[in-house]
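Heads up: the structure comes next, in structure tokens.
What follows is calculated from the coordinates using simple rules that are stated; it is not laboratory data. Source: prediction; values computed, not measured. Cβ placement follows ideal geometry from the backbone for every residue including glycine, while neighbour counts extend to all protein chains displayed.
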Amino acid sequence: MLTEKRTLVRNTLLNGLSQSAAMLAAFIFMPLLVRSFGLVNYGLYVLISAVAAYAALLDFGIGAAVTRNVAEADATGDPSLAHQAVSTALVFYTVVGVLVALVMVLVGAFAGEVFHVSAQQASLLRTMLWIAAAFQLFAWPASTARYALAGLQRYDLLVGAALLGTALNVVATVYVLATGSGPAALVALTGVASVVSAGTMVLMVMPLLGPGVAALSGASYTRLVGMLGFGWAVFVVQLSDVLFYQQTDRLILGVLAGAVAVGLYEASAKVNNMVTYLSGLTVSAVMPLASSMDAASRHASLRSLFIRGTKYGAAFVVPVAALVVVFSEPLLVAWLGPRFAGQGIVMQTLVFPHVLVALGLMGDAIVISRGRMGRRVPYILGQAVANVVLSVLLVPRIGVLGVAVGTAVAHLVDFPIHVRFLLRETHVTFASWLREVVVPVYPLLVVPVGLGVLLARSPLASSVLGIALAVVIALGAYWLAFYALGLTADEREDFRGVLRSFLGQGDGDAA
């Protein structure tokens, strides 16, 4: 059997494979879509994802509750818990799918009044919203399968379905670019791709959970109340994510500044999304494992997961964020052309908070898995409101940069409050957190940042491939230094043990 460490690493790598494929496709196709659609229509296309992201808030944390319940059922050998949770979620998501479709139809009907667009642009936006609405009727109930597979820790199946969806999205995008079909066709074709991917997950999970898992008669109002009780704090976190990570920024720009501003902002947002995905990747497989540990009262293991997971996650994400800040301006110009010159400050402002926020990701995943996120909720809501208010106030004055400043300021003000909360919940002292997490990671940033500043002034900075090579060189130097100086002898032995287990030379250490 795979050890917990190897399972966690394997699942994280599998998630990384699917997310990297999707990010790479988005990075490659953005300049092509901007040229094909024009910056205005591309901005309208981007607004669809922002509206869909807000509709996704109607999940109310049920997805996380499904993952937790299925993980607990798998750990305790109680399949009835998994069946009841899945059936309840299926009924809930079916209702939500209808509501989301109606909301998107309604927003589309009043697109001209809601957004700062012309009549022609409003017509295109309406068409895309109505197309996207139709796919919600299947996407929502089918998403139950994704959360159930996560609870079973079957990330191999999740990644297979996700890669299928990415491949179909690539085919759809190439077709639209080749035929000049326009953004509405792209919304329709990518919607088909999402249906195929979600349908594949449904077919995969049913035999794993056994017969009767999709029976609507298994749904329980009591179970729904319990799932909402666990998921409400997760919902607040999801709300904060939507407010912080570009979706609200896009809507504010769409309402106050128009589609061109959304298109310009999207360049910085795409790169910030990449860093966000990398950050999420470090904890993407943690929740079911942490739920199992909590169910077994393995408190020492949870503390170790917090300390080491935070340390390794920060060492992975922080140098990437720092190098994006260094290369922002040359990257935008090399990638999208001179029209995006001057937008580097927007990207730097969006990405810089990741240098600190990375320290909270593992702790949040563990606290959520234990159902103890409630005390954090008032601060999350305050942070989200501050971001929106600052953005609305600043956009009329400084344009696109305003939404980035709103996001960054709210994150930085909340950071010490967030750290204090996590240390209290995980019973880790501030001194040990500094000694075991911060000191091994942050002083070594002088290596990649110094190399990055030098390479940014070299001929490598004139092309996307050259910048990518420079980033790889700087990251490689940091990670080598971290392995030699940032890891303890035991941690290096653990690393080698897990590596040997992947190479088939041993089973690795037990967690």
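Data for the structure
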quantity: Length added when fully stretched, VAL95-LEU208, from 0.36 nm per residue minus Cα-Cα; calculated: 38.2 nm
quantity: Listed residues GLY112, ALA82, VAL388: farthest to the positive end of the dipole of the chain (Cβ charges); calculated: VAL388
quantity: Reciprocal of mean inverse Cα separation for region 117-193 (Kirkwood radius, Å); calculated: 14.2
quantity: Fewest-first sequence of THR94, THR67, THR310 by Cβ atoms within 10 Å of each Cβ; calculated: THR94, THR67, THR310
quantity: Paramagnetic reach from HIS116 (point 7 Å along Cα→Cβ, amide N under 15 Å) across region 379-394; calculated: 391-394
quantity: Range of Cα positions in region 66-196 per principal axis (Å), largest first; calculated: 58, 32, 19
quantity: Debye intensity ratio I(q)/I(0), log10, region 429-502, q values 0.19 Å⁻¹ (C-alpha model); calculated: -0.84
quantity: Calculated P(r) of region 19-110 - Cα pairs past 24 Å, %; calculated: 49
quantity: Rg to Rh quotient for the chain, alpha carbon positions, Kirkwood Rh; calculated: 0.95
quantity: Ranking of GLU425, GLU491 by count of other Cβ atoms within 10 Å, fewest first; calculated: GLU491, GLU425
quantity: Computed lengthening from VAL196 to VAL413, 0.36 nm per intervening residue step minus Cα-Cα distance; calculated: 73.9 nm
quantity: Relative contact order for the chain, counting Cα pairs under 8 Å that sit 6 or more residues apart, in percent; calculated: 19
quantity: Relative exposure of SER462, SER391, judged by other C-beta atoms within 10 Å (fewest first); calculated: SER462, SER391
quantity: Mean ellipticity per residue at 222 nm, deg cm²/dmol - from DSSP H runs of n ≥ 4 across the chain, formula -39500 (n - 2.57); calculated: -27000 deg cm²/dmol
quantity: Fraction of the pair-distance distribution of region 245-503 above 23 Å, Cα-Cα pairs, percent; calculated: 56
quantity: Rg(Cα) / (2.2 N^0.38 Å) computed for region 1-235, rounded to two decimals; calculated: 1.10
quantity: Expected-Rg normalisation [2.2 N^0.38 Å, Cα atoms] applied to region 359-506; calculated: 1.38
quantity: Calculated on alpha-carbon atoms, Rg and Dmax of region 389-460 in Å; calculated: 18.1, 49
quantity: Helix runs (DSSP H) in the chain reaching 18 Å along axis by Cα, Kyte-Doolittle at least 0.5; calculated: 4-37, 39-55, 79-109, 119-151, 155-179, 183-209, 221-244, 259-281, 299-336, 377-398, 400-426, 464-481
quantity: Radius 14 Å from Cβ of SER268, net charge of other residues (Lys, Arg +1; Asp, Glu -1); calculated: 0
